[in-house]
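The values are calculated or read from the model by the stated rules, or taken from the named source; none is laboratory data. Note that the coordinates shown come from a computational prediction; the quantities given were computed from them, not determined experimentally. No Cβ is skipped: glycine too gets one built from the backbone with ideal geometry, and neighbour counts run over all protein chains shown. Heavy atoms of the whole protein, side chains included, go into the accessibility calculation; ligands, DNA and RNA do not. Shrake-Rupley method; radii C 1.70, N 1.55, O 1.52, S 1.80 Å.
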Amino acid sequence: MSDLSKEQVNNDLPEDEGRRKFFGTTAAASLAGAGLVMGLSACKQSENGVAGKATGHLEGSSKFEVQPGKLDSYYSFSSAGHNGEMRIYGIPSGRTLKRIPVFNVDPMVGWGITNESKAIMGTNADGSLKYMTGDTHHVHGSYTDGTYNGKYLWTNDKLNNRLARIRMDRMECDAITDIPNVQGFHGIFPDKRDPVDANVNFTTRVFCGSEFASPKPNDGRDTSDPTKWFSLFTCVDAESMEVRWQVRINGNNDLVATSYDGKLAASNQYNTENGAVLADMMSVERDACVFFNIERIEAAIKAGKSFTIGNTKVPVVDGTIDANKDPKTALVCYVPVPKNPHGVNISPDGKYFVCSGKLSPTATVIETELVHKWFAGELKTERDAVVAEPEIGLGPLHTGFDGKGNAFTTLFLDSQIVKWNVDKAIAQFKGDKSAQPVLDRIDVHYQPGHGYTSMGETKEADGKFYNSGNKFSKDRFLPVGPLHVETEQLIDISGEKMQLIHDHTAYPEPHDAIIVRADLVKTKQVSDMNDYPNAVKSMSDNRIERKGKKVMVYMTSQAPNFGLSEIKVKHGDDVTITLTNHDKVEDLTHGFGIENYNVNFIVNPQETHSVSFKANKAGVFWIYCTHFCHALHLEMRMRFIVEA
């Protein structure tokens, strides 16, 4: 534990140490109960005296306080787990700035309610949503020249195997793509430049890994024979959002990372056994970090060396070990790493991929150039690409970087963040017994999952902040019933020792995030009406049109009035209402809610949205503005009359 006094941290109570031991002991016992034998205990906090007590304190944290009226210096773009949305936090304040609905229905903005959002989310033949939920885990942004360009964000839906794209100028989802033939679509990462055309130094592809093997095609065949199931690695076009290709692999894909030269995508694998039950997923001592040679894969597809699965037309190449034994022609490279790794990340200089052990107390450092040499036939084995494997703690998961040669890894079982030096780890691996890679540790509360540094996924990693996304909060906040909020803890990593800045809450259950400098994000404050083909552009063009049982309503809003005083239809009519907000003032948003009709959405300045529904209740129903807009906001209403 940190050697803090009660005066420094008033909630570091004596029983905290017992609680931490309980978490670590029960977690380890659970793994042992599953039949796992781990060499974890040897590493428990002994390196150069650093780990006996973790460092870190709150002194000086006030220098990071964002005063009222002042702005944060970073955005944090975060996943939200099975809530299905994305979230934006300010850093260093930890303030929630926005929740972006993606795979979930959100009546505040009307996502999943308006026709425009339904078209993005995907509907059944009757117009109902194909899915009403999702499970977002990872968020990553588009690049130019190795750093964020502020154009797009992408996030995954592990539950229904979809990839979503968010426009950063609007912070709204603009496309969702179904990934065929896969289940458990988890890790994603965009490329940082084109792998073929050296003149294209921006993101062109997004890579998607899937965890769960399944029958191919999954149409009822082979349901009782898991040996015939397999996983696929997928490439999606960054602009069109169309699936470009897939690769059949041995084992599975967990997280994904990409090289700065655009040539490689990597994914850690925790189930190379292709096991269908827990015990079978932990039977071997080494799994793999698999590397995909993008240029060779696309050349193979161009040469016709691919196949398709079921009714899908996506080209699939064979990336299995048996089909890729010659490194000089291989499409993939499987680098052995210790048991059941979780997480792969690349250093800001592009030299190294780090794959954490999870069930091993180690992090494996793989040199990018040596992977290229393996593909050139210049290495004896894939394992020769490994240049370091330091013991760093119990349950290592995810690694961030400070741009100064240091790595920061979450330790799930130790409930710590460990700081270690990559060059010292390499020296130790080469036999230098004096090299001590571990530099510092800091306790977090509790069981950290993902952790990430400011600009750490770019070549501009600045070594200022580290955010630890903890999976349990327990007594860190006021109790709110059985489901606790999750703990995000912001850490200052600018000095030699890590220092805790503050806790901030996160509604369950976020996973990964990125921290982006605020100057790289340029948002639109007012939309352009011309971007909406169905806009009602004239205030004098409010009207109602009928074609049989179909009623089309075209109307405007301008504080504090709607363009019509009433809408009159007949019971059973199919109604479509198109609303354009003619206000031009920044932040002057109008809501549109119909009493008892399950209709509620907003229209921002100069925007147009529409809804369609059946008039299935007779009577008079008030329509009112649901989003505060004016001193006469309460008076901004009209009537929806349904004649029997």
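Report, by residue number, each residue of the stretch 507-543 that is part of a loop (DSSP other than H, G, I, E, B), under 29 Å from the mean Cα position of the chain (by Cα) and hydrophobic (A, V, I, L, M, F, W, C).
Once the filter is applied, which keeps residues that are part of a loop (DSSP other than H, G, I, E, B), under 29 Å from the mean Cα position of the chain (by Cα) and hydrophobic (A, V, I, L, M, F, W, C), the stretch 507-543 yields Val521, Val526.
Only residues that are open to solvent by less than 10 Å² (accessible area, probe 1.4 Å), not in a loop (DSSP other than H, G, I, E, B) and not hydrophobic (A, V, I, L, M, F, W, C): list them for the stretch 210-262, please.
Matches in the stretch 210-262: Ser210, Ser214, Ser231, Thr234, Gln246, Thr258.
Restricting to the stretch 441-490, count the residues that are of a type in the set (Val, Ile, Thr), open to solvent by less than 20 Å² (accessible area, probe 1.4 Å) and more than 25 Å from Gly403 (Cβ to Cβ).
Count: 1.
The conditions are (1) farther than 19 Å from Pro226 by Cβ; (2) modelled with pLDDT under 95; (3) not β-branched (Val, Ile, Thr), and Phe307 fails exactly one of them. Which is it?
Phe307 satisfies every listed condition except (2).
Filtering the stretch 491-540 down to residues that are surrounded by fewer than 17 Cβ atoms within 10 Å (Cβ to Cβ) and among the hydrophobic types (A, V, I, L, M, F, W, C), which residue is farthest from Pro92 (Cα to Cα)?
My answer is Met539.
Mind telling me which of the residues Asn124, Asn156, Asn160, Asn104 ends up being in contact with a Phe, Trp or Tyr (Cβ under 6 Å, 6 or more places away or on another chain), of a type in the set (S, T, N, Q) and open to solvent by 10 Å² or more (accessible area, probe 1.4 Å)?
Asn160
Could you tell me how many of the residues in the stretch 141-184 are in a strand (DSSP E or B) and among the basic types (Lys, Arg)?
Of the residues in that region, 4 qualify.
Quick check on this structure: which one of Ser210, Ser224, Ser240 is in contact (Cβ under 8 Å) with a residue 24 or more places away in the chain and hydroxyl-bearing (Ser, Thr, Tyr)?
It is Ser210.
For the stretch 70-110, how many residues are farther than 20 Å from Asn467 by Cβ, touching a residue at least 40 places away in the same chain (Cβ under 8 Å) and not aliphatic (A, V, I, L, M)?
The number of residues fulfilling the criteria is 6.
If you take the residues in the stretch 340-373 that are in contact (Cβ under 8 Å) with a residue 24 or more places away in the chain and assigned to a helix (DSSP H, G or I), which one is surrounded by the fewest Cβ atoms within 10 Å (Cβ to Cβ)?
For the stretch 340-373, the residue satisfying everything is His372.
Those residues that are in contact with a helix residue (DSSP H, G or I) (Cβ under 8 Å, 6 or more places away or on another chain) and surrounded by fewer than 24 Cβ atoms within 10 Å (Cβ to Cβ), I need them from the stretch 320-333; list them, please.
Result: Pro327, Lys328, Thr329, Ala330.
Sort through Ala559, Ala535 and tell me the only one that's farther than 23 Å from Phe628 by Cβ, in contact (Cβ under 8 Å) with a residue 12 or more places away in the chain and aliphatic (A, V, I, L, M).
Ala535
Applying the selection to the stretch 185-209, what residues are open to solvent by 10 Å² or more (accessible area, probe 1.4 Å), over 20 Å from Asn156 (Cβ atoms) and part of a loop (DSSP other than H, G, I, E, B)?
Correct list: Arg193, Asp194, Val196, Asp197, Ala198, Asn199, Val200, Asn201.
Check Ala276 against each of (1) surrounded by fewer than 20 Cβ atoms within 10 Å (Cβ to Cβ); (2) of a type in the set (A, V, I, L, M); (3) not in a loop (DSSP other than H, G, I, E, B) and name the one condition it does not meet.
All conditions are met except number (3).
Would you mention how many residues in the stretch 379-396 are buried (at least 23 other Cβ atoms within 10 Å of the Cβ) and of a type in the set (A, V, I, L, M)?
4
Can you pull out the residues in the stretch 564-598 that are open to solvent by less than 30 Å² (accessible area, probe 1.4 Å), in contact (Cβ under 8 Å) with a residue 40 or more places away in the chain and within 30 Å of the chain's Cα centre (by Cα)?
The answer is Thr589, and nothing else.
Sort out for me the strands (runs of 3 or more DSSP E) sitting completely within the stretch 374-462 that have 3 or more residues that are at pLDDT 95 or above and of a type in the set (Gly, Ala, Ser).
Ranges flagged: none.
Would you please name the residue that is surrounded by the fewest Cβ atoms within 10 Å (Cβ to Cβ), looking only at residues in the stretch 544-563 that are part of a strand (DSSP E or B) and touching a His at 6+ places or on another chain (Cβ under 9 Å)?
So, considering only residues that are part of a strand (DSSP E or B) and touching a His at 6+ places or on another chain (Cβ under 9 Å), the one surrounded by the fewest Cβ atoms within 10 Å (Cβ to Cβ) is Gln558.
Could you list, in sequence order, all residues of the stretch 420-465 that are closer than 20 Å to Asp503 by Cβ and of a type in the set (Lys, Arg)?
Arg441, Lys464
Just to be sure I understand the filter: pairs with C-beta atoms under 6 Å, separated by 6 or more residues or on different chains, first member in the stretch 150-162 and more than 14 Å from Pro101 (Cα to Cα) and aromatic (Phe, Trp, Tyr), second member in a strand (DSSP E or B) and open to solvent by 10 Å² or more (accessible area, probe 1.4 Å). Which pairs pass?
Close Cβ pairs (under 6 Å, with a partner that is in a strand (DSSP E or B) and open to solvent by 10 Å² or more (accessible area, probe 1.4 Å)) amount to Tyr152/Arg165.
For the stretch 59-101, please list each of the strands (runs of 3 or more DSSP E) lying entirely inside it that holds at least 3 residues being open to solvent by 40 Å² or more (accessible area, probe 1.4 Å).
Hits in the stretch 59-101: 96-101.
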